[in-house]
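Novice: One structure, pasted below without further comment.
What follows draws every value from the coordinates through simple rules; no lab data is involved. Here the structure is a predicted model, which means the values were calculated and not measured. Cβ: placed from backbone, ideal geometry, glycine included. Neighbour counts: every protein chain shown.
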């Protein structure tokens, strides 16, 4: 549904992105990550038909963004980082105006506006001026205009920027409901947000794609050791003495019904089997054994070779 092939964009002597290629299929919510200045917004603007690429091609739902620009734009719902809202219009007036710009037929425009007002929980403020509403409501309005006309592709650039935690949770819930048969490309600096919403991530750095895959596949690409979580109902000291001879044990902490241990292994399956066998050999009760992928934040900072920002 979204295809970028060898996209390059230069602004004079500055190359914003170089040879960027990736795809997003129907039903996928894909996270688009990268440090500031990596080229995420430039790429999204090319896909949305705002910038032409210097080189390369892109298509939206089968429509080339240059050769069939109108077809591509009609297939996309775009939420820019700062949505262009009109503060002197009511929410409903604004959405009807956007419906006119999107050329939704007049006889279907009213029902289309009603649908997005409902899905974005805006019915209660439909007749209020946009300029009088909170940032959270304005972000919902931005999502509503992207959804108007039921496009098969959504491109969302930092939709939770500037929101308080409660507002951000509401927007995340709304985005989570947008998938289904759509292709969604979602940019955010909040990595836990991307991890909760997206099944796959594309990572840009210095204008180039440096990774594309699931957290599990990216962990393998990094050559990182697998994490295995094991819970055992047994004395802490004895368990640690035995299991630390099987695999590396970076953390061990009490749990309500036993000892929770995080082990690291080069081979997840073999490591898990060896830990389980060691527990059984000593007659201890094994309560849980599962693989735990690296957190997306750790994967991201390893990929871009930057240390995580310390919490204040």
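Novice: What angle, in degrees between 0 and 90 and rounded to the nearest 10, separates the Cα long axis of helix 268-281 from the longest principal axis of the Cα atoms of the chain?
Specialist: 40
Novice: Okay, next question. Based on other C-beta atoms within 10 Å, arrange 123, 81 from fewest to most.
Specialist: In increasing order of surrounding Cβ atoms, one gets 123, 81.
Novice: Oh, and also: Using a Förster distance of 35 angstrom, determine the FRET efficiency expected from the C-beta separation of residue 150 and residue 222, and round it to 0.05.
Specialist: That gives a FRET efficiency of 0.35.
Novice: Also: Springs between alpha-carbon atoms under 10 Å, Gaussian network over the chain: tell me which of 271, 77, 142 tops the mean-square fluctuations.
Specialist: Looking only at 271, 77, 142, the largest GNM fluctuation is found for 271.
Novice: At a Förster radius of 41 Å, what calculated FRET efficiency corresponds to the Cβ-Cβ distance of residue 108 and residue 54, to the nearest 0.05?
Specialist: 0.60
Novice: Moving on to the next point. In what sequence do 198, 100, 268 fall when counting other Cβ within 10 Å, fewest first?
Specialist: Least crowded to most crowded, the residues run 100, 268, 198.
Novice: Which percent, nearest 5, of DSSP beta bridges in the chain are antiparallel?
Specialist: Restricted to the chain, the bridges split so that about 70 percent are antiparallel.
Novice: Compactness ratio of the range 225-293: Cα Rg over 2.2 N^0.38 Å, N = residue count?
Specialist: Working it through for the range 225-293, the quotient is 0.95.
Novice: Would any residue of the range 179-210 have its amide N under 11 Å from a label point 7 Å out along Cα→Cβ of residue 297? List them or say none.
Specialist: Answer for the range 179-210: 190-193.
Novice: Taking the Cα centre of each part, how many Å lie between the range 141-180 and the range 286-307?
Specialist: Measuring centre to centre over Cα atoms gives 27 Å.
Novice: Further question on the same structure: Using the beta-carbon distance between residue 199 and residue 121 and R0 = 25 Å, what value does 1/(1 + (r/R0)^6) give for FRET efficiency, to the nearest 0.05?
Specialist: So, using R0 = 25 Å, E works out to roughly 0.50.
Novice: Could you check which residue among 249, 299, 141 shows the biggest mean-square fluctuation in a GNM of the chain with a 10 Å Cα cutoff?
Specialist: Of 249, 299, 141, the most mobile in the Gaussian network model is 249.
Novice: Please state, rounded to one decimal and in Å, the Kirkwood hydrodynamic radius that the range 2-213 gives when every pair of distinct Cα atoms enters the mean of 1/r.
Specialist: 17.4
Novice: Next up: In what sequence do 203, 14, 304, 91 fall when counting other Cβ within 10 Å, fewest first?
Specialist: In order of increasing Cβ crowding within 10 Å: 14, 304, 203, 91.
Novice: How high is the relative contact order of the chain, in percent, with contacts defined as C-alpha pairs under 8 Å that are six or more residues apart?
Specialist: 19
Novice: Mind telling me which of 108, 73, 200 comes out most flexible in a GNM of the chain, alpha-carbon contacts under 10 Å?
Specialist: 108
Novice: Tilt of helix 91-101 relative to the longest C-alpha principal axis of the chain, in degrees (0 to 90, nearest 10)?
Specialist: Approximately 70 degrees, to the nearest 10.
Novice: Rounded to the nearest 500, what is the chain's calculated 222 nm mean residue ellipticity when only DSSP H runs of at least 4 contribute -39500 (n - 2.57) each, over all residues?
Specialist: That calculation yields -10000 deg cm²/dmol at 222 nm.
Novice: Moving to a separate point now. For a paramagnetic label modelled at 7 Å from the Cα of residue 128 toward its Cβ, which residues of the range 159-187 fall within the zone defined by backbone nitrogen distances under 15 Å?
Specialist: Inside the label zone: 167.
Novice: If you don't mind, there's one more thing I want to ask. Roughly what would the spin-label model give for residue 190 and residue 93, points 7 Å off Cα along C-beta, in nm?
Specialist: So the two model labels end up 3.1 nm from each other.
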